[in-house]
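Structure record follows, encoded as structure tokens.
The values are calculated or read from the model by the stated rules, or taken from the named source; none is laboratory data. A quick note: this is a predicted structure, and the numbers were derived from the prediction, not measured. Cβ coordinates were reconstructed from backbone atoms using ideal geometry, including for glycine residues, and neighbour counts include every protein chain displayed. For accessibility, only protein heavy atoms count, side chains too; no ligands or nucleic acids. Shrake-Rupley method; radii C 1.70, N 1.55, O 1.52, S 1.80 Å.
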Amino acid sequence: MTDARTSAIYRQALEVIAEVEPRVAEATRQELADQRGSLKLIASENYASPAVLLTMGTWLSDKYAEGTVGHRFYAGCQNIDTVEALAAEHARELFGAPYAYAQPHSGIDANLVAFWSILAHRIEGPTLARLGAKNVNDLTEADWETLRGELGNQRLLGMSLDAGGHLTHGFRPNISGKMFHQQQYGTDPTTGLLDYDVVAAKAREFRPLVLIAGYSAYPRRVDFARMREIADEVGATLMVDMAHFAGLVAGKVFTGDEDPVPFAHVTTTTTHKSLRGPRGGLVLAQEEYAPSVDRGCPMVLGGPLGHVMAAKAVALAEARRPEFRVYAQQVADNAKSLADGFLSRGATLVTGGTDNHLVLLDVSSFGLTGRQAESALLDAGVVTNRNAVPADPHGAWYTSGIRLGTPALTTRGFGHDEFDRVAELMIEVLRSTSPGTTSTGAPSKATYRLADGVADRVRAAAAEMLDNHPLYPGLDLA
Ligand code: DSN
């Protein structure tokens, strides 16, 4: 993965940076040390390869290239055309998608492109035809009034945040909850699992324009064939946000009905989570949506990031290699090992386990909020994020859960034994943590007390595993 050339490149790069702003060079060095020395269990993070990271540090960043491949609003975009076309080609091949758009800067951007493309495809076209206009430039102010009225009355049905959906799936404070008339589906209160009959009943009653499937914190697989059936029955467009599990789709862990790409009209993803690429987004679509998705920039996106699209091409080329399938399977196997490690020690998991890359630990049985647990774990070098559980009594800020994922530590080479040990160490921290009080002595949802010595003991035990599985082995900045 890493070799002497990479060490020389990064040493010299940091020297060049330090000549201008040494504090940035120092923070960059420190970030590597921090990531090397901690158990990174954030389900949405990973470690990109040196090839991916190096691709981002070039002059491809210096070019404006609004528009699409071969159809730009700026001159001299031939090299950006090359890298964007390569990213799209790798994405189409990897996911078996008819069409791919590599410009979104993030997952939220990808979802905005998807929303607007669905609205444009489903509403703008028919409205234009009805108004006898060829394109939007032919519309009068009165026509725009009509169009805005129609755009403003569309319905979106997505998974609720506390059941594991994402903010952009119709959460009221998010723009998706404001631009759409939204309703949300949850999970079964007893099992924590999706109940497709309930989703179908809601869809029949609500008749959404957009049905969103996909999640950020649901530890189970989804039957996308069934979701498409539901969408078809009510005439909805099926949009799947696979940001979290794109690596498992790419690595063929999710196939058949669990592979969203053939079933969704539009699929969005990030490229930096289980897919292990640069920070960014991607939209895949059926051919009929391609023209409207292509208008993502400048409709809702700023100028595309040439250096990042190049890095997406490199990462997607990596994901097409056979070893990526081995990695993806190991991510899922490791999540099971982690879940079993918790269950065998008496902890409570939302849905009772996992069959993807993430585990949602309910920390209320330890008498803690997610916020207290997250902080105590961080003291011990275990990096996680707090997350709401279904019907969370502590809401989305303090929460009752801790979300854990295996993509990053699997990249470092952790396997079954290490993940079992991670569960053991985390349980030790949580059992040794007690809730604190506010300055007035009232119970606090944020403060906590971790028993003396535990953080050091856990850090030392983790260091042994981390040393056995170095991050960027051979990369020496000294
Ligand atoms: N921030 C991503 C995550 O952690 O799941 C989603 O936006």
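Checking each residue in the stretch 226-249 for being open to solvent by 20 Å² or more (accessible area, probe 1.4 Å) and not charged (D, E, K, R) picks out only Gly235.
Where strands (runs of 3 or more DSSP E) fall entirely within the stretch 397-478, those with at least 2 residues that are open to solvent by 10 Å² or more (accessible area, probe 1.4 Å) and modelled with pLDDT of 95 or more are at 433-437, 443-450.
Within the stretch 88-143, the set of residues being over 19 Å from Gly67 (Cβ atoms) and aromatic (Phe, Trp, Tyr) comprises Phe95, Phe115. The one condition from (1) closer than 30 Å to Gln286 by Cα; (2) free of Cβ contacts under 8 Å to residues at least 12 places away in the same chain; (3) open to solvent by 50 Å² or more (accessible area, probe 1.4 Å) that Arg23 does not meet is (1). For the stretch 165-191, a residue qualifies if it is open to solvent by less than 50 Å² (accessible area, probe 1.4 Å) and modelled with pLDDT under 95, and the qualifying residues are Gly170, Asn174, Ser176, Gly177, Met179, Phe180, Gln182. Pairing residues of the stretch 159-171 that are over 10 Å from Tyr185 (Cα atoms) and β-branched (Val, Ile, Thr) with residues that are within 10 Å of the ligand (Cβ to nearest atom) and open to solvent by less than 10 Å² (accessible area, probe 1.4 Å), at Cβ distances under 8 Å and at least 6 apart in sequence or on separate chains, gives Thr168/Asn111.
The set of residues in the stretch 65-76 being assigned to a loop (DSSP other than H, G, I, E, B) and either charged (D, E, K, R) or more than 27 Å from Ile9 (Cβ to Cβ) (or both) consists of Glu66, Val69, Gly70, Phe73, Tyr74, Ala75, Gly76. Within the option set Thr55, Thr68, being under 23 Å from the mean Cα position of the chain (by Cα), away from the ligand (no atom under 16 Å from the Cβ) and open to solvent by less than 50 Å² (accessible area, probe 1.4 Å) holds for one residue only, Thr55. Looking across the stretch 272-290, the residues that are open to solvent by 30 Å² or more (accessible area, probe 1.4 Å) and more than 16 Å from Arg92 (Cβ to Cβ) come down to Arg276, Arg279. Summed over the stretch 304-342, the residues that are of a type in the set (A, V, I, L, M, F, W, C), more than 19 Å from Ala250 (Cα to Cα) and part of a helix (DSSP H, G or I) give a count of 4. Restricted to the stretch 367-391, and to residues there that are away from the ligand (no atom under 16 Å from the Cβ) and of a type in the set (Ser, Thr, Tyr), the residue that is surrounded by the most Cβ atoms within 10 Å (Cβ to Cβ) is Thr369. Against the test of being touching a Phe, Trp or Tyr at 6+ places or on another chain (Cβ under 8 Å) and hydrophobic (A, V, I, L, M, F, W, C), the options Val293, Val314 yield a single qualifying residue, Val293. In the stretch 152-164, of all residues being over 26 Å from Gly401 (Cα atoms) and out of contact with any Ser or Thr (no Cβ under 9 Å at 6 or more places or on another chain), the one that is most open to solvent (accessible area, probe 1.4 Å) corresponds to Asn153.
One line per residue, one yes/no per condition, for (1) within 16 Å of the ligand (Cβ to nearest atom); (2) at pLDDT 95 or above; (3) closer than 19 Å to Gly413 by Cβ; (4) surrounded by fewer than 23 Cβ atoms within 10 Å (Cβ to Cβ):
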position: Thr255; (1), (2), (3), (4): no, yes, no, yes
position: Pro262; (1), (2), (3), (4): no, yes, no, yes
position: Thr270; (1), (2), (3), (4): yes, yes, no, no
position: Val293; (1), (2), (3), (4): no, yes, no, no
position: Met299; (1), (2), (3), (4): no, no, no, yes
position: Phe324; (1), (2), (3), (4): no, yes, yes, yes
position: Lys336; (1), (2), (3), (4): no, yes, yes, yes
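Apart from one condition, Met227 fits all of (1) more than 16 Å from the ligand (Cβ to nearest atom); (2) part of a loop (DSSP other than H, G, I, E, B); (3) touching a residue at least 24 places away in the same chain (Cβ under 8 Å); (4) not polar (S, T, N, Q); the exception is (2). Among the residues of the stretch 82-117, those identified as open to solvent by 30 Å² or more (accessible area, probe 1.4 Å) and in a helix (DSSP H, G or I) are Thr82, Ala85, Leu86, Glu89, His90, Arg92, Glu93, Ile108, Asp109, Leu112, Trp116.
Every residue, every condition in (1) more than 17 Å from Leu284 (Cα to Cα); (2) β-branched (Val, Ile, Thr), yes or no:
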site	(1), (2)
Val198	yes, yes
Arg204	yes, no
Tyr218	yes, no
Asp223	yes, no
Leu238	no, no
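So which residues in the stretch 105-127 are of a type in the set (S, T, N, Q) and over 26 Å from the mean Cα position of the chain (by Cα), if there are any at all? Matches in the stretch 105-127: Thr127 only.
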